[in-house]
Amino acid sequence: MKKKFDICIIGGLGHVGLPLGIVFALKGLRVNLLDINPKTAHKVFYKKEMPFVEHGSKNILKKVVDNGNLQFTTDNKEISNAKNIIIAIGTPIDEFMNPKTQKFLDFISSIKKYIDASQSVIIRSSVAPRTCEQIYRILGPKKNKLLTYCPERIVQGYAVQELEKLPQIISGYSNESIKRASTLFKKITNKIIVTSVQEAEMAKLFSNSWRYVQFAMANQFYMICNDYGIEYDNVRGAMVEGYERAAQLPGAGFAAGPCLLKDTMQLSSMYNNNFLLGHSAMLINEGLPDYIIKNLLEPKDLKNKNVGILGMAFKAEVDDIRDSLSFKLKKVLMAHGAKVLCSDEYFEDATFLTAKEILSRCKVIIIGAPHKAYKKLKFQKDHKIVDIWNHIN
């Protein structure tokens, strides 16, 4: 039976689904975005604006909305009208740092009735190892032959730029499923890497855990240098210049957001909580706000003082505040009696001030997210600046 759409992306208005959808639509495919947020859909399809910062997407979005290649639905029944189903919904962890796998599997069970044997089912979400095996059993023998796991590996905020550059990992439960998924993703990338399903699951978790551990190493080095009265960035500069074996060492800064910690903890959970390096990385990265206050500021001097945080997003040049350590920093400062004033260049909040207002009202200023705009600010000599990123120097 002929299908109305080439692709239905479930979770289609999210940070993973929407950039993928507009890139496929730009290649001439008919894409239907399935999501539960009509307010966001109104912004995308009527205002023709991205609901979050996605660099390089503005003109593409307008084009694919205007030509009709990108459409939207809230009706799960529309899943049956697509040749390929891409599942890009979030997979969070609970308060005990364990993946909420059952909720994800329950959703698969709920949409099973809309899937037939002719449709490719592509899991795009980050999942714990062997989750795809459980999905395989849920779908049953008639509907699992075209099941694949094709993890995303983009840097948030730059997906539309990276999707055509990055190799796509393809794994599946049959040669036909791998062939179908490969043909689809070759529309947007020239490089396909075929693995087993469990290898693909591990590759996704390893990628984010590797980055998280790297950031922890840099942050631990920063703490050591600071405690010895040495500039970490000077040490790092000497290490990496002309020395390829140290080239990947990052600068210090908050390691946060919706993926790095989550995937590190998913990996640890499936490994009986024996991923000791991952847990150590969590203690270092999550402990950085406390370190800033206890070692770079004098907590007893913060009481009733205005302290400004520039940048509340989880990283530079995005508007996503999910799991941002700037908010943890704010809580710790408030616990010490400080009056905390916040600002961000991208995320809008009625309580936030402008960056210039922060400078005029606060003598103590902390760079929470190193947005480029902060380089242009004129700080005064009496400002106490805490800039672990070495961003404004």
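Bear in mind these aren't lab numbers, they're just calculated from the coordinates by the rules spelled out. Here the structure is a predicted model, which means the values were calculated and not measured. Because the Cβ atoms are built from the backbone with ideal geometry, glycine has one as well, and the counts that use them run over all protein chains shown.
Assorted remarks:
- Taking a ≥ b ≥ c as the square roots of the eigenvalues of the Cα gyration tensor, segment 223-342 is classed as oblate, since a/c reaches at least 1.5 and a/b does not exceed b/c.
- Loop sites in segment 166-239: GluC sites (Glu not before Pro), DSSP, at most 16 other Cβ within 10 Å: GLU231
- Under a Gaussian network description of the chain, with springs only between Cα atoms under 10 Å, the residue in LYS328, LYS112, LYS381 that fluctuates furthest is LYS381.
- For segment 78-123, a Kirkwood radius taken over Cα pairs fed into Stokes-Einstein (10 °C, viscosity 1.306 mPa s) yields D = 134 µm²/s.
- Cα-based radius of gyration for the chain, normalised by 2.2 N^0.38 Å, reads 1.07.
- The chain - charge dipole about Cα centre, Lys and Arg +1 at Cβ, Asp and Glu -1, debye rounded to 20: 1180 debye
- Structure-based [θ]222 nm, the chain - -39500 (n - 2.57) summed over DSSP H runs of at least 4, per residue, nearest 500: -11000 deg cm²/dmol
- Exposure proxy for LYS262, LYS145: other Cβ atoms within 10 Å of each Cβ, ordered fewest to most, give LYS145, LYS262.
- Phi angles across segment 294-300 convert, under the Karplus curve 6.51 cos²θ - 1.76 cosθ + 1.60 with θ = phi - 60°, into 3J(HN,Hα) values of 6, 10, 10, 10, 9, x, 5 Hz, Gly and Pro given as x.
- Segment GLU244-LYS165, extension gain: residue separation times 0.36 nm, minus the distance between their alpha carbons: 26.2 nm
- Applying 0.36 nm per residue to the separation of ASN272 and GLU357 and subtracting their alpha-carbon distance, the gain on full extension is 25.7 nm.
- Placing unit charges on the Cβ atoms only, positive for Lys and Arg and negative for Asp and Glu, gives segment 5-195 a dipole magnitude near 440 debye about its Cα centre.
- Local electrostatic count at LYS142 - Lys and Arg +1, Asp and Glu -1, tallied over other residues with Cβ under 15 Å: +3
- Spatially proximal lysines relative to LYS142 (Cα-Cα < 21 Å; intrachain offsets below 8 disregarded): LYS2, LYS3, LYS77, LYS83, LYS112, LYS113, LYS179
- Taking only the Cα atoms of segment 63-192, the radius of gyration and Dmax are 15.3, 46 Å.
- Shape of segment 38-115 from the C-alpha gyration tensor: oblate (a/c of 1.5 or more and a/b not above b/c, with a ≥ b ≥ c the square roots of its eigenvalues).
- Working from label points 7 Å from Cα in the Cα-to-Cβ sense, the ASN190 to LYS3 distance is 2.8 nm.
- Residues with amide H under 5 Å from that of ASP319, placed H, sequence gap 5 or more: VAL53
- Each eigenvalue of the Cα gyration tensor of segment 271-393, multiplied by 5 and square-rooted, gives one semi-axis; in descending order these are 25, 18, 13 Å.
- Whole-Hz Karplus values for segment 186-192 come out as 5, 5, 10, 8, 8, 10, 10 Hz, taken residue by residue from phi with 6.51 cos²θ - 1.76 cosθ + 1.60 and θ = phi - 60°; glycine and proline positions read x.
- In nm, spacing of pseudo-spin labels at ASP116 and ASN234 (7 Å Cα→C-beta vector): 7.1 nm
- If you run the Gaussian network model on the chain, springs between alpha carbon atoms under 10 Å, then out of PRO38, PRO370, PRO129 the most flexible one is PRO38.
- Least to most buried among LEU33, LEU276, LEU105 (fewest other Cβ within 10 Å first): LEU276, LEU105, LEU33
- For segment 362-393, the set of chymotrypsin sites (Phe, Trp or Tyr not before Pro) satisfying both a DSSP loop assignment and a count of at most 13 other C-beta atoms within 10 Å is given as PHE379.
- As a proxy for reagent exposure, ranking TYR243, TYR212, TYR271, TYR149 by other Cβ atoms within 10 Å from fewest up yields TYR243, TYR271, TYR212, TYR149.
- The GluC sites (Glu not before Pro) of segment 269-363 that DSSP puts in a loop, and whose beta carbon has at most 11 other beta carbons within 10 Å, are GLU348.
- Summarising the amide proton neighbourhood of ILE170: residues at separation of 5 or more, or on other chains, whose placed amide H is nearer than 5 Å comprise ILE193, VAL194, THR195.
- Fully extended contour minus Cα-Cα distance, from HIS42 to ASN175, at 0.36 nm per residue: 43.9 nm
- A crude spin-label estimate for the pair LYS103 and LYS27, with each label 7 Å from Cα along the Cβ direction, gives 3.1 nm.
- The alpha carbon centroids of segment 179-228 and segment 38-64 are separated by 28 Å.
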